[in-house]
Structures are given as C-alpha cells and as structure tokens.
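Nothing in this text is a laboratory measurement; each read-out follows from the coordinates by a stated rule. Keep in mind it's a predicted model, so treat the numbers as computed, not measured. Every residue, glycine as well, gets a Cβ built from its backbone with ideal geometry; the counts of neighbours run over all protein chains shown.
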Amino acid sequence: MTPARFIRSMALLPALMLLALQAGAQTPVALPTSGELKAALDAPGDIARGQKAYADCQGCHRRDGSGRAALTIPRLSGQHASVILKQIMDIRSGARLNPPMKPVVEEPHHTTQAFADMAAFLQSLPVTGTLEKGPGSGLAQGQTLYARDCAGCHGERGEGRAELFHPMLAAQHYSYLLRELGLIRDGARGNSSVAMVQMLKPYAQADLQALADYLSNLPPPPR
C-alpha cells in the first residue's frame, strides 16, 4: 500500500469503528491484538496502583512524566494508554528496537496488570514540566509537511488516535521527535508501519528538523 492510499484508507475507519472495537476491553482499540498486549489492554487499569508502580520509571521519565530532553527521554504524561502499552509490549517482544528499555520492561515484577495501571496513570497526567521546543525556524515548512503526510493519522492538532495506537505527537520534546523520525525513516526503529517508513524515506534531514520543530511547538491538545 502506498502512503497516499494508506492515508485515504483512514477516512473509512470512523464508519467501521464500532464494529471493530474489542468487546469488553478496558482500553478499546480498533485493531486486532493478541498475547500480552491484548491482556494489558483488557486489564482494568488502576490510576492509584499505577502511580505506585511508576515509581520505578520516574528516575528517567520524571515524577510528572515530562521526560528528559537532554537524554532524549520522551514525555509520557497525557499520552494515550493504548500507545504506551503497545510500545512497552513491542519493546518486550523485540519488535521495537530499544536496548536501554528492554531490560527494564522485562523485570519480573512488571506484569501486564502493572503496565496497564502505569498506562492509566500516565494518561491521566496533565502535560506539564519543561518541554523542549524546536528553534521555531522551520514551523511553516513543518506545518506543510505535517498537513500533507501526517495529519490523516495523527490528527490535525497532533492529538493522535488511541484506538489505532497512533501517538499524540504535539508538545513532545524536539530532540526525541527528531531522533525517532530519523529511526523510522531509516527503518531502524523496528515496529514502524511500512507505510510510515515509505512516507518518510524521501525526507531530507532538514525536512525531519522542520517537522519536529512544528510538532514540538504545538500546544497539548485539549482533553
């Protein structure tokens, strides 16, 4: 499927959404899942328990979930629970290549229920803290690229689509966005869709910088 056809196909999803949502899922999605990911999505996430479980993560991702731009550690606060769970399970399985995180998510006490709780907690957090913005010099170019190539999946305001595992991109750290966009373009992230890799393949580094600049300067979408 070409990137253009992939974007057009997104327009058909709203009409199918009610038929495709997982029955009984605590974190409903519109795509088929199995194994640990399905178990985590079906688990009733508890925010209070998630706050306690997240204590293992706040050394890197900070107590408020705002991440650390200097270390390219992403902001997790306000992110869709489905996205967090999908990325965790992809790292656990090796589908997403993230060597620093793999031993962390494989620790025995990190069960699917614990991850469901943490995801619920992180999703509930407001987007606060010091968020790294791009230089602002590529906003016009970045906005054009985003509207053409990205908004169909990630939303006009960068809000993402929880039911499709599409992350919220607005108000993410510039350095993290730039790194991940490069990894996706170069096929080095592991779990990116083929359509997204093909879409970013023609991007020069200046294009990636402009896109990251625009997204990092977007305000957090309203809840």
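Just in the range 107-188: which GluC sites (Glu not before Pro) are loop by DSSP and have at most 14 other Cβ atoms within 10 Å?
Hits after loop and neighbour filter: Glu156.
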Each label point is 7 Å from the Cα along the Cα-to-Cβ direction; what then is the distance between the points at Glu107 and Thr128, in nm? 2.5 nm
Calculated FRET value between Glu36 and Ala204, using beta carbons and R₀ = 25 Å, to 0.05: 0.10
Counting Lys and Arg as +1 and Asp and Glu as -1 over every other residue whose Cβ sits under 13 Å from the Cβ of Leu37, the net charge comes to +1
Pairwise centroid distance, computed over Cα atoms, of the range 155-223 with the range 68-117, Å: 17 Å
Peptides 71-82, 142-153, 95-106 ordered by average Cβ neighbours within 10 Å, highest first: 71-82, 142-153, 95-106
Applying a 10 Å radius around every beta-carbon, put 192-201, 83-92 in order of their mean neighbour count, most first. 83-92, 192-201
Which of the listed residues, Leu71, Tyr203, Ala43, is farthest toward the dipole's positive end in the chain, when Lys, Arg count +1 and Asp, Glu count -1 at the beta-carbon? Tyr203
Residue-count net charge about Pro167 - beta-carbon cut-off 14 Å; Lys, Arg +1, Asp, Glu -1: +2
For the range 131-217, max minus min Cα coordinate along each principal axis, in Å, sorted largest first? 30, 27, 23
Inter-label distance, nm, simple model (7 Å from Cα along the C-beta direction), Arg63/Ser137: 3.8 nm
Can you pull the one-decimal nm distance between simple spin-label points at Ser193 and Gln26, each 7 Å off the Cα toward Cβ? 2.7 nm
CD proxy at 222 nm, helix term only [per DSSP H run n ≥ 4: -39500 (n - 2.57); per residue of the chain; nearest 500]: -14000 deg cm²/dmol
